[in-house]
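The values are calculated or read from the model by the stated rules, or taken from the named source; none is laboratory data. Source: prediction; values computed, not measured. No Cβ is skipped: glycine too gets one built from the backbone with ideal geometry, and neighbour counts run over all protein chains shown.
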Amino acid sequence: MTTLAERLKRTLLERNLTQNDLAEMVGTTQGAISNIVKGETQKPRNILEIANALGVDPNWLRNGGDMIVSHSTLENSQINNNQGQTVNNFFDSGSDELREMLHKQQISLKTKPTEEWVFALDVNRLAETDIINAHFPRPFEALHLSQDGMMDLLKLRSTANVAMITMFNESMSPVINKKDLMFVDTNCKQYAGEGIYLFVMNNELYVRRLYQTPSGVLNAVAENERVGSSFEIDDLSRLNVLGRCVRKFSIIAEDL
């Protein structure tokens, strides 16, 4: 079995990234990354942020094994992007023309190896169930981003396993407001430290801040409890994590 240091070193080579590049993406120092690569730091606190920046499964990066998306038996079309990575596209069948468009553009984009796509998330398909509150506006089917755009807007080098969804209520306001565009790391399929997650419980979709108490109780917290409730999750078998929210855009349209 490989070590965390070996997996990180290999991934940096595959992504053609330096330790300085990764440090900038994660918001840490080159020395901190170097300590992980040398094996001196074996349990970094920012392992999830590192995995998100590299576009890999955080569980694989932390523990090794097969790099897979757990709890997924989806029959997704998989399109190789222009950088040779495989992108899971969880958009609905009504957007098949986007698949065809992207496939056709791969030929032309070979001369532009710094462009990638982010697709709208089909929560019913990803959750493998019918979600009772999944019917909300979706102003964008896909976003086409340059390398500069990915770094400036998403703070990522790759959009692999990143999907977008429109915030559907005010339960997380003012942190995330209704109609904000959220970007979700769909590789994160379980609680992996405090953060804002997209998840399903009892066929209902939630966006909540999850954190675990010292006693091991997992809490789901709404920023705006006048609209959404906060609650304890005492039965993890009912928790279906679809991803971790890593970025959001506020979109305001006004007449001029």
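Residues of the stretch 187-210 that are of a type outside the set (A, V, I, L, M) and not in a loop (DSSP other than H, G, I, E, B): Gly195, Tyr197, Phe199, Glu204, Tyr206, Arg208, Arg209. Taken together, the residues in the stretch 1-21 that are touching a helix residue (DSSP H, G or I) at 6+ places or on another chain (Cβ under 6 Å), without any contact (Cβ under 8 Å) to a residue 40 or more places away in the chain and within 21 Å of Gln42 (Cβ to Cβ) amount to 3. The set of residues in the stretch 211-231 that are surrounded by 11 or more Cβ atoms within 10 Å (Cβ to Cβ) and outside any strand (DSSP E or B) comprises Val217, Ala222, Glu223, Asn224, Val227, Gly228, Ser229, Ser230.
Condition check ((1) at pLDDT 90 or above; (2) part of a loop (DSSP other than H, G, I, E, B)) across all residues:
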position	(1), (2)
Glu14	no, no
Leu17	no, yes
Asn20	no, no
Asn35	yes, no
Pro44	no, yes
Asn59	no, no
Met67	no, yes
His71	no, yes
Leu74	no, yes
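Within the stretch 142-182, the residues that satisfy the criterion of being under 16 Å from Val241 (Cβ atoms) and touching a residue at least 60 places away in the same chain (Cβ under 8 Å) are Asn161, Val162, Ala163, Met182. Taken across the stretch 232-239, residues that are buried (at least 16 other Cβ atoms within 10 Å of the Cβ) and within 25 Å of Arg138 (Cα to Cα) do occur, with at least one present.
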